[in-house]
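Q: Got a structure for you, written out below as structure tokens; questions coming shortly.
The values are calculated or read from the model by the stated rules, or taken from the named source; none is laboratory data. As the structure is a computational prediction, the values presented were derived from the model and not from experiment. No Cβ is skipped: glycine too gets one built from the backbone with ideal geometry, and neighbour counts run over all protein chains shown. In case anyone asks, the SASA skips ligands and DNA or RNA and just uses the protein heavy atoms, side chains included. Shrake-Rupley method; radii C 1.70, N 1.55, O 1.52, S 1.80 Å.
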Amino acid sequence: MLNVPPQAFPAPSSQQRVAAGGRAKVPLKPGRSLMDWIRLTKSGRDLTGLKGRLIEVTEDELAKHNKKEDCWICIRGFVYNVTPYMEYHPGGEDELMKAAGADGTDLFDQVHRWVNYESMLKECLVGRMAVKPIAAPKGMLPEKKVLGASARDLTPSYDWFQTDSLITIVIYTKQKDMNAELVIVDCQDKRLRGEIIVDDHSYLVEVDLDHAVQEDVAVNIAEKVGKVEIILKKKDNIHWKMLGQALESHNTFIKRTERGLFYRKCKLVSKTEVTHDTKLLCLMLPRSTHLCVPIGQHVYLKQTIAGTEVVKPYTPVLPFLPLDFKEPPRHDGAHLYLMIKIYSCGLFTQALDHLQIGDYISVSNPEGSFKKSQVQTSEDLFLLAAGTGFTPMVKLLNFALTEVGCLRTVRLIFFNKTEDDILWRNQLEQLALKDERFEVQFILSQPTKDWVGKQGKISSPLLSEFVKRSRKDSKVLICICGPTPFTEQGVQYLKDLGYSQEEIHTFTA
Ligand code: FAD
Ligand code: NAD
């Protein structure tokens, strides 16, 4: 059962009011939360005005529906009547109106590519755009989808071969620093999907295999030459005549942002308490998945809540903060650890909290803009985290102390409401004792009388006290993560203190 209050939801500080990526959100009227929208879509009301009929929409017809009280929008060739959704849109009516009567695909992709609009707006579907006939030159095969001349130079290629028991798919990229984080492989029900990230592009091998294979998949990477091998074990030792049938996006090389999110089901294997309201969830990836989430990146979790698919971002952490930095921690690659605050009124986190050990949840490929190189050249690293905004700092902190030789100072300034809210306080204090480069400062916004430490919210005086270059010209990186107002204010104060945009990284979806 979902524990969702019908009114006064979302609360003023709710995530449903906070745009991903720090964009301004407008306050929604009471009764206009995501859950209220889901309820309306299930009510049986005719939301398109077409009594369930689907029509072909011409550009002229689409353009006519460009008013708040009659608004149609096209996303990826499908037209939706979003008039009933206006008051429920977390970004406000004006944002939605920017695409009124037009193709909103680009706008949608810029703002919330990860939102599952097909599910959210399924009751608003009017139909498909009518396709204009295009005269195709005779005798030409469809070209591989490649963007730009520079991308074309880097286009990977693939080949495959077999032995009695194995199928090996070899992908040749021209990327010299190819590594495990850039290779994502899934193989489910004979469907193989191998994605290789090359800069901001993605190459995909996607086939319906000719025969069944066993569950475990091996991936070998020759880092220096940029060669990736995906090794599958045949279920039956028979000769394959072909690798399989190419699926729609097979052998394409396109911008990463244009690739749809891919999900695989992961099993919840443990759930442990971190604080009174925050839990560490351990999810096990399928044996047929090869996926490593890079530092500072997040994944999307997808759950069906009251019949609608809802998607939210979460940043994987380590199972604990390793104290011994002599060797980088071994990552088993088979588990994802997520530190998640359960909100008593939270639509998604309440549903997550109701998952039982052994249940499955859909997890997407990683996304995010943080690059290790940003920290590799830094001498002073400052991490400003508020609440669960601590999550991207975990792997970052570990990487910085383990693998960045030039670092002199690593300071975490951790903002919380109360002492009870501080995540991994003991571990952080132990780490500070162990490594003299690392310092942690806790700042509470709602402390009890006994708190002797710093108090307040993010402010210019606090930042000028704690964010300082160790030398006049030292290279600094300041990472910020927390509620959107916290992040926005932090960036502004830092700029006022003279730090440049290049010295600041904010974590957003
Ligand atoms: P909603 O239904 O959106 O909100 C419901 C209720 O939550 C509100 O009524 C309010 O009571 C409460 N609430 C929400 N936010 C606040 C707040 N800031 N202060 C007070 N009350 C609040 N969250 C994690 O826990 N761990 C992560 O690793 C993590 N990673 C993220 C990564 C990215 C890139 C982004 C953008 C967000 C991340 N989040 C993370 C937040 C997460 O995506 C959800 O927004 C969050 O779990 C709330 O979802 P919900 O549907 O339960 O809450
Ligand atoms: P919280 O409500 O417990 O607040 C923690 C601290 O944040 C407060 O003590 C205060 O110092 C500061 N704060 C809160 N609201 C503020 C405001 N309006 N102005 C200035 N400072 C403010 O925090 P929480 O419930 O743990 O929420 C964590 C937030 O971090 C969520 O919004 C979540 O979406 C975000 N988050 C983002 C990412 C990411 O990668 N972008 C990752 C994890 C969490």
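Q: Does region 254-263 contain at least one residue that is open to solvent by 50 Å² or more (accessible area, probe 1.4 Å), at pLDDT 95 or above and part of a strand (DSSP E or B)?
A: no
Q: OK, next. Identify the single condition in (1) open to solvent by 20 Å² or more (accessible area, probe 1.4 Å); (2) part of a helix (DSSP H, G or I); (3) within 15 Å of ligand 1 (Cβ to nearest atom); (4) closer than 17 Å to residue 278 by Cβ that residue 389 does not satisfy, given that it satisfies every other one.
A: Result: residue 389 passes all but (1).
Q: So which of 415, 320, 382 is more than 14 Å from ligand 2 (Cβ to nearest atom), among the hydrophobic types (A, V, I, L, M, F, W, C), in contact (Cβ under 8 Å) with a residue 40 or more places away in the chain and open to solvent by 10 Å² or more (accessible area, probe 1.4 Å)?
A: Residue meeting the stated conditions: 320.
Q: Please work out which one of (1) assigned to a strand (DSSP E or B); (2) at pLDDT below 95 is the condition residue 333 fails and give its number.
A: Residue 333 satisfies every listed condition except (1).
Q: Just for strands (runs of 3 or more DSSP E) wholly inside region 34-142: which have at least 1 residues that are among the acidic types (Asp, Glu), at pLDDT 90 or above and farther than 27 Å from residue 262 by Cα?
A: 70-75
Q: Mind checking whether some residue in region 434-455 is more than 27 Å from the chain's Cα centre (by Cα), hydroxyl-bearing (Ser, Thr, Tyr) and closer than 14 Å to residue 384 by Cα?
A: Looking through region 434-455, none of the residues is more than 27 Å from the chain's Cα centre (by Cα), hydroxyl-bearing (Ser, Thr, Tyr) and closer than 14 Å to residue 384 by Cα.
Q: Let me ask another. Go through region 85-124 and report how many residues are over 24 Å from residue 509 (Cβ atoms) and open to solvent by 30 Å² or more (accessible area, probe 1.4 Å). So that I can check it myself, show each step before the final result.
A: First, the residues of region 85-124 that are over 24 Å from residue 509 (Cβ atoms): 100-102, 123.
Retained after the next criterion (residues that are open to solvent by 30 Å² or more (accessible area, probe 1.4 Å)): 102, 123.
Qualifying residue count, region 85-124: 2.
Q: Ok, one more. Quick check on region 268-301: of everything there that is over 24 Å from residue 214 (Cβ atoms) and open to solvent by 30 Å² or more (accessible area, probe 1.4 Å), which residue is farthest from ligand 2 (Cβ to nearest atom)?
A: Checked region 268-301; the qualifying residue farthest from ligand 2 (Cβ to nearest atom) is 270.
Q: Now for a separate question. Tally the residues that are at pLDDT 95 or above and part of a loop (DSSP other than H, G, I, E, B), restricting the search to region 454-474.
A: Going through region 454-474 one residue at a time, the tally reaches 5.
Q: Under 7 Å between Cβ atoms, which residue pairs at least 6 apart in sequence (or on different chains) link something in region 89-111 that is farther than 19 Å from residue 32 by Cβ and of a type outside the set (Phe, Trp, Tyr) with a partner that is modelled with pLDDT of 90 or more and in a loop (DSSP other than H, G, I, E, B)?
A: Note: pairs meeting the criteria are 101/65; 107/98; 107/99.
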